[in-house]
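Working notes, beginning with the structure itself.
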Amino acid sequence: MSRRRVDSQGSLGPDDEVMPYSDDETDDELDPASDAETEAPPGAPHPPLEPKTSEASWKVKANDRAYHHLPEFQRKVFLCIKKSKYSGNAIKTYKYNVLTFLPLNLFEQFKRAANLYFLGLLILQVIPQISTLPWYTTLVPLVLVLSITAMKDLVDDLARHRMDKEINNRKCEVLLDGRFQESKWRHIQVGDVVRLKKNDFIPADILLLSSSNPNSLCYVETAELDGETNLKFKMGLRVTDERLQEESQLARFDALIECEEPNNRLDKFTGTMLWRRERYPLDLDNMLLRGCKIRNTDFCHGLVIFAGADTKIMRNGGKTRFKRTKIDELMNYMVYTIFVLLILVAAGLAIGHTFWYEEIGSKAWYLYDGKDEDASYRGFLSFWGYIIVLNTMVPISLYVSVEVIRLGQSKFINWDLQMYFPEKDTPAKARTTTLNEQLGQIEYIFSDKTGTLTQNIMAFKKCTISGQTYGDPTTAEGVSLDRGRPVDFSWNRYADRKFQFMDHSLVALIRSRKDKDALEFFKLLSLCHTVMVEQKEDDLVYQAASPDEGALVTAARNFGYVFLSRTQDTITIREMDQETTYEMLALLDFNSDRKRMSIILRAPDGRIRLYCKGADTVIYERLSPNSRHKQSTQDALDRFANETLRTLCLCYRDVSRDEYDAWARKHKDASVTMTDREAALDRVYEQIENNLMLLGATAIEDKLQDGVPETIAKLAKADIKIWVLTGDKKETAENIGFSCELLTDDMQIHYGEDINEKLTVRQANRRNEPLSSGRNRKKAPEPFFPQPGKNALIITGGWLNEILYEKKKKRRRLRLRRLGKRAPPNSPQDGQPQDDWEKEMRQIDFVDMACECEAVICCRVTPKQKANVVSLVKKYKKAVTLSIGDGANDVNMIKTADIGVGISGQEGMQAVMSSDYAFAQFRYLQRLLLVHGRWSYIRMCKFLRYFFYKNFAFTLVHFWYSFFSGYSSQVAYEDWFITIYNVLYSSLPVLLVGLLDQDVNDKLSLKFPKLYLPGQQGLLFNYKNFFISLFHGIFTSLIIFFIPYGAFLQTMGQDGEAPSDYQSFAVVTASSLVITVNLQISLDTSYWTFVNCFAVLGSIAIYFGIMFDIHSAGIHVIFPSIFTFTGAASNALRQPYLWLTIILTVGISLLPVICIQFLHKTIWPSVGDKVQRHRKKYEMEEEEKKKPPAFQRGQRSRRSAYAFSHSRGYADLISSGRSIRRRPAARGGPQDSIREVPHREAENI
Amino acid sequence: MKEQQETANRPDNTAFTQQRLPAWQPMLSAGIVIPGFVIIGLAFIGIGIALFVTSQNIQVLERDYTGVENNSPCFKCSDPSTKNCVCKLDFSLDKLFEGPVFFYYGLSNYFQNYRKYGVSRDDRQLSGRLDNFQSPDEGCVPYQYDANNKPIVPCGSVANSLFNDTFKLYQIVNGARKLVPFDGKGIAWWTDHNVKYRNPSITPLKNAFNGTVKPTFWSKPAYELDPSDPANNGFVNQDFLVWMRRAALPDFRKLYRRITEGDYKNGLPAGNYSLEIAYNYPVLDFDGRKKVVFSNVSWMGGKNQFLGIAYLVIGSLCVVMSIVMLIVYAKFKFPDEE
């Protein structure tokens, strides 16, 4: 099939290559805004934050505790009690203490409507006029429910107490009275100077002053902060490094730090230090953040800037958005429905009572109660009486049971061995326990690409040097082979053993040292990077900011260019067998706008050279006209791209001394600007990165994770739509789309321009329609793609903004702000929205269109846009969405979606920390959804249906009875039975069904993805099911009342005694009820384990046991007025007649249900029924055939280009302004070398 | 990455954690449901027949004696102003009324199950606690204290409204009246008589009631209900106990006496009988009815067609439904064989 391809880089459309804008909003900004955003501008960027004066309002004075208690830093806490705005370092994550636990916890629990309702009921029951049930009927279940919840809270809080205590009592050295003294963490205050030792946790957010390492470097492990286990390094200011090494120097330190207010940005810090009348800029590289660990540094000194609750880690925690499931909402509405029903029924019965009293009650002398109340007032009292009697319609233990079930489901997810990733020893983790059944209802999955679909493991596969491509299996002589063996790197004692390369000719070429370009190529790879190196027992361990870089440096290392070490301003490499130290003059770091990084080095022979590597598009723009091999390299790049390899271009430039000096001055100026330093630096970088000479290009393989295509296929079969949202380039994204079989060759792919056109036409049509009919009419929209066949959308962030009017809106808003007035209405032609309604319609159109497609890939989207796409679908499709991602850039979308899944993989823990579920591999998603999600959904639905049913069946018996008891709110059962019914007699079996039930086992669930559909469509629990449960309950209650009624009408007992007394009646109805509901749950149980068996039989046995106890002589003698049913059970159940009544009642209650179920399953069998019916057969099949054949990745005829999965490197640390001034310290230099560093700080900043 | 030792986080591989507990997964398959319905249906029909036949064999004689109609023998007594009125109810049996015969009184449209009526009693008092003799429970209002503020014992509406008609049965043998002996022992539940209701352990019983008054509606105090038999006096008086066990429904019967002695051990022989009723209990105000019932019992108790018929109907329905299901199954079975 032919595929149309629109070149969207045309003159009119947005640039596909660029990310629409950089967004660096954090949770703080996201949280309040995100909900508003759903109606307002998805993606409208916040205006760039100007440095405000308030940003520097946080003042910290070193070694001056009193300073921070000055009145100007006080803030009102309570009435007129004022407190310093600087928090102490003690943290308090616990919620309660001994005194406040009870009141606070109760208060919190009573914030729940259900609990409050029962409290209100309890109060009603105490009022004697309307009390129809003794108070304990409500109190006992309520106390039970409250105490279960309270227990859970208590256990949680005790754990927090323990943690807090442990943390607050950690030891740390603080400079007090001129010396370092050991102190507890909680005594640390802002402005204190602390000394930290190796492997210490950092107690607060601390400004690094000096350390035992050269240049006050300090290595930290940030695992607790972001989960990344590689070491990062921080560096003290030069001035503090030099002047604050000794205790006495530190004691005299009296700088004033001015910086931003506490916030939650882990990636940003700006401030200045004022010391000895000089100002020094501070940034994140000087900061040691709480939660990190000191590594490889004997000791370091720091100044506490933020303590306790002000620290960035504390600011980050705890602010999780509360997510609710669809079922939750539905359940609440149903509870409200029941409540309304309750009021109606009570009102009806109250009216009944009024009339009855008028007609009969008032005349019956024996009922005289000494009160002179008229009938309508009695009716009013009776209303409240019935509210109390019928209160059990609203299921009191519903919420607590639902929580228990969800907790159990979560545990099962945690325990699942098939979602455990043995290589990394990571089990799956349900981080929230409230969303499980939602997993069975997912309609849309939004997936990140890097690290989620792909492994984010990069392997250096190929390269092109001077137009010559290397990498295919080739002998040393250059003969191509079909299958080669890996090159033996044993000649290189530094070689990384895991590295594999097939092309022997390249190794031969390098070892021969004939090709200058090839040598330069690998020299560049070993020099131009921000990788950190660590010496671990004779082995070099590289820590790279991105896996691409690591792969490249490792490749260079194996080819004989070994990156050995770096100091702040030198890089030492081993060029074949000779060690060379280069002086690093500047490091021009990568960022997503520049898409390249450069390094300026002075070779030992004094020549200055700039090495640069970057994306082909940016590099080709900057190549020197003299550069050779442009075309051949371009061809190679195309070929690499076809093989889904990620590419980078390498080039260099010789820089003359004068040119460098001139540039260095500009660079220095730029690096000390306070405002928009980064932009200034970018401009300076631009000036030197030109006239580059092309060396070649590298190609790195980005491996797909195991089982990704199969998982996607499975999920697609379950009608789950998968959208890939990635920051990668269009071509890469498209390519991955093909390789994971999201896109197939028979799909028609639509790009931005095409989409825009269609949407504009739709919009124009709508405008042409008469306004009155157009606005509110709901007509079925005609499809966007009328022609048959599959469609796919590939859209870039830029187009997304264009289509959704985001950019224009922003521009317009800015213009409005500038003009200070409303802009004139736009003419309809220019593609502008006329108003918010049009914009909304456009968004709906887009979502509709996207949902018509089999696959949607959004590339070049920012984290914020990812979240916006998710919320668009959530909003307009009312669909349940799931986001899955692994990186910090996925956090927004993970938080926005109904369910967020984090891949605990390579890129760190930030995604996991904000996710609801976390596991190690994308392929576990199918098990999570198709097995756990499905089960949880089915179980929860079964549970809820039954739960409503059993309460109706239980409560409505009172309703029928009232017709025969003068509407006097007489209950049909014993009070104690009412008290215990929900807690003991009927709860355990259904709880077990909610925990253990499975209609088909996990293998079949996975084998038949169609089984997932009922969940998506919400078929198992909705208003229809609710009313079916309601009617089922009404039916059962009718039977339970009227069969005994008929039996009791005229009867007498075996021995002539009249058993038609009230107490016998209550025993018969209660016994019928307990047996019926327990057998009913047995009918609903499709997975009978011995526990279920025990529970059902146990519930019935407990019922009889407790009843006989309560009706026994002994307990009556002790409490004659509380247990009044003495002998009722034994007398009633002695009668065979009553047993026959019970059997008949149970039979009539259950037989029709069985009959209807059977007929329904026979006439309209669901997929589940069919699978269940042939379960045995399928299980046999499953046994026979083992694992399906391994996935074959076909060769695609697609062009792909490089993707730079690169975040900012360590360059800031390594270089930034300072490193230019530094002379090298000898490699691995001993401690004493620090002092020898020439003091040139005078020209400092 | 590393060796097997790094599996600290590995979940346990147990049947429970992996949700592989051995289980039985029953299905509502045709092979179970249809024969099941047939069997249940047949069983129900069997029970139904047994119940129905048994019930048919029970003899019941029921007479309303409220005296609403003019020709009713108790019409004259239905006027509330007449005191100590006695009326005679004549009836004849044309065949032996098999014994043991039970004699009931019945009330209609009488709401003993009215909630406030039902709770208007003091169970502690009734179990013989003397504290509650002097200060009866709040629930007994308005029969807690009398107008002179003396405690009422037994207090409360239920006790107050004790049924006080009395009956005597005569067989007319050759024109002479022959008293049919009534057995009033053990007509109440054993637990009521021995556990739930107790007289205070004070002799004479009368002393326990010092300072209290009898219920307003009663003609004599509790300790005089049956002075001849201490085991039938006070709170453990059988008639009192029967009354205190409230009925579930507004139409009810209560056992008054058994006929088990003397010539009537085998039942009431055919002949003419006269029931002498001391008519005290007013029911016409609230449109109530009073009746007397003679009945004998079977293993299943008294006569009641309801249960037998219900069993028969349900049993037949089961059989019918099993046929319907069989047809439906046969019709729809084949499509899902694919």
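Results for (1) among the aliphatic types (A, V, I, L, M); (2) modelled with pLDDT of 80 or more; (3) in contact with an Asp or Glu (Cβ under 6 Å, 6 or more places away or on another chain), shown as yes or no for each residue.
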{"position": "A:Pro547", "(1), (2), (3)": "no, no, no"}
{"position": "A:Ala551", "(1), (2), (3)": "yes, yes, no"}
{"position": "A:Gly560", "(1), (2), (3)": "no, yes, no"}
{"position": "A:Phe563", "(1), (2), (3)": "no, yes, no"}
{"position": "A:Thr580", "(1), (2), (3)": "no, yes, no"}
{"position": "A:Leu587", "(1), (2), (3)": "yes, yes, no"}
{"position": "A:Asp593", "(1), (2), (3)": "no, no, no"}
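B:Gly67 meets all of the listed conditions (1) closer than 20 Å to B:Asn280 by Cβ; (2) over 26 Å from the mean Cα position of the chain (by Cα) but one, namely (2). Within region A:103-122, the residues that satisfy the criterion of being under 30 Å from the mean Cα position of the chain (by Cα) and either within 15 Å of A:Ile387 (Cα to Cα) or not in a helix (DSSP H, G or I) (or both) are A:Lys111, A:Arg112, A:Ala114. Each residue in region B:229-258 was checked for being free of Cβ contacts under 8 Å to residues at least 24 places away in the same chain and surrounded by 23 or more Cβ atoms within 10 Å (Cβ to Cβ), and 1 of them qualify. Among the residues of region B:69-80, is there at least one that is away from chain A (no Cβ under 13 Å), touching a Lys or Arg at 6+ places or on another chain (Cβ under 9 Å) and in a loop (DSSP other than H, G, I, E, B)? Yes, the conditions are met somewhere in region B:69-80. Of these, A:Leu1004, A:Leu988, A:Leu1013, A:Leu996, which one is surrounded by fewer than 19 Cβ atoms within 10 Å (Cβ to Cβ), within 40 Å of the chain's Cα centre (by Cα), of a type in the set (A, V, I, L, M) and over 30 Å from B:Ile314 (Cα atoms)? Result of the check over A:Leu1004, A:Leu988, A:Leu1013, A:Leu996: A:Leu1013.
Among the helices (runs of 4 or more DSSP H) confined to region A:871-963, the ones with at least 2 residues that are among the aromatic types (Phe, Trp, Tyr) and over 20 Å from the mean Cα position of the chain (by Cα) are located at A:934-962.
Checked against (1) among the hydroxyl-bearing types (Ser, Thr, Tyr); (2) surrounded by fewer than 22 Cβ atoms within 10 Å (Cβ to Cβ); (3) in contact with an Asp or Glu (Cβ under 9 Å, 6 or more places away or on another chain), A:Ser1082 passes all but condition (3). The set of residues in region B:201-223 that are assigned to a helix (DSSP H, G or I) and either touching a residue at least 12 places away in the same chain (Cβ under 8 Å) or aromatic (Phe, Trp, Tyr) (or both) comprises B:Leu205, B:Lys206, B:Ala208, B:Ala222, B:Tyr223.
Close Cβ contacts (under 9 Å, 6 or more residues apart or on different chains) running from residues in region A:1042-1066 that are more than 7 Å from chain B (Cβ to nearest Cβ) and without any contact (Cβ under 8 Å) to a residue 24 or more places away in the chain to residues that are of a type in the set (A, V, I, L, M) and part of a loop (DSSP other than H, G, I, E, B) comprise A:Asp1055/B:Val297. Of all residues in region B:95-120, which are at the interface with chain A (Cβ under 9 Å from one of its Cβ atoms), out of contact with any Lys or Arg (no Cβ under 7 Å at 6 or more places or on another chain) and farther than 23 Å from B:Thr166 by Cα? B:Tyr114, B:Arg115, B:Lys116, B:Tyr117, B:Ser120, listed by residue number.
Scanning region A:638-667 for residues that are part of a helix (DSSP H, G or I), out of contact with any helix residue (DSSP H, G or I) (no Cβ under 7 Å at 6 or more places or on another chain) and more than 30 Å from A:Thr454 (Cα to Cα) yields A:Arg657, A:Asp658, A:Glu659, A:Tyr660, A:Asp661, A:Ala662, A:Arg665.
Here is a yes/no grid of residues against (1) away from chain B (no Cβ under 14 Å); (2) over 29 Å from B:Ala248 (Cβ atoms); (3) polar (S, T, N, Q):
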residue	(1), (2), (3)
A:Gln926	yes, yes, yes
A:Arg934	no, yes, no
A:Tyr967	no, no, no
A:Glu974	no, no, no
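Within region B:1-35, can you find the residues that are assigned to a helix (DSSP H, G or I), more than 7 Å from chain A (Cβ to nearest Cβ) and either modelled with pLDDT under 85 or surrounded by 17 or more Cβ atoms within 10 Å (Cβ to Cβ) (or both)? Selection gives B:Ala30, B:Ile34. Can you report the number of residues in region B:312-338 which are facing chain A (nearest Cβ under 7 Å) and of a type outside the set (Val, Ile, Thr)? Number of matching residues: 6. For region B:131-162, filtered to residues that are within 30 Å of B:Glu276 (Cβ to Cβ) and at the interface with another protein chain (Cβ under 10 Å from one of its Cβ atoms), the residue that is surrounded by the fewest Cβ atoms within 10 Å (Cβ to Cβ) is B:Leu162.
Counting only residues that are modelled with pLDDT under 85 and not in a loop (DSSP other than H, G, I, E, B), region A:68-102 holds 14 of them.
Search region A:296-343 for residues being of a type in the set (Phe, Trp, Tyr) and either at pLDDT 80 or above or in contact with a Lys or Arg (Cβ under 6 Å, 6 or more places away or on another chain) (or both), and hand back the single one that is farthest from A:Glu221 (Cα to Cα).
Top of the filtered list is A:Phe339.
Residues that are under 14 Å from A:Ser1037 (Cβ atoms), hydrophobic (A, V, I, L, M, F, W, C) and at the interface with chain B (Cβ under 10 Å from one of its Cβ atoms) within region A:1132-1149 comprise just one, A:Ile1148.
For region A:1105-1143, the set of residues classified as part of a loop (DSSP other than H, G, I, E, B) and not aromatic (Phe, Trp, Tyr) consists of A:His1111, A:Ser1112, A:Pro1120, A:Ser1121, A:Ile1122, A:Thr1124, A:Thr1126, A:Gly1127, A:Leu1133, A:Arg1134, A:Gln1135, listed by residue number. Screening region A:964-1080 for helices (runs of 4 or more DSSP H) wholly inside it with 1 or more residues that are within 29 Å of B:Ser298 (Cβ to Cβ) and out of contact with any Gly (no Cβ under 8 Å at 6 or more places or on another chain) returns the ranges A:1023-1048.
Summed over region B:83-113, the residues that are in contact (Cβ under 8 Å) with a residue 24 or more places away in the chain, more than 13 Å from B:Ser295 (Cβ to Cβ) and either among the charged types (D, E, K, R) or not in a strand (DSSP E or B) (or both) give a count of 11.
Considered as a group, the residues in region B:288-311 that are more than 7 Å from every other protein chain (Cβ to nearest Cβ) and surrounded by fewer than 19 Cβ atoms within 10 Å (Cβ to Cβ) include one that is nearest to B:Val86 (Cα to Cα), and that residue is B:Lys291. Among the conditions (1) part of a helix (DSSP H, G or I); (2) closer than 21 Å to A:Arg493 by Cβ, the only one that A:Val541 does not satisfy is (1). Comparison of A:Leu146, A:Leu133, A:Leu99 shows that the only residue that is over 23 Å from A:Arg315 (Cβ atoms) and within 14 Å of chain B (Cβ to nearest Cβ) is A:Leu133.
When A:Gln418 is evaluated against the numbered criteria (1) assigned by the TED database to the domain that holds A:Arg945; (2) surrounded by fewer than 19 Cβ atoms within 10 Å (Cβ to Cβ); (3) not small (Gly, Ala, Ser), which criterion, by number, is the only one it fails? Here A:Gln418 clears every test but (1).
The values are calculated or read from the model by the stated rules, or taken from the named source; none is laboratory data. Computed from a predicted model, the values in this text were never measured in an experiment. Glycine gets a Cβ as well: all are built from the backbone with ideal geometry, and neighbour counts include every protein chain shown.
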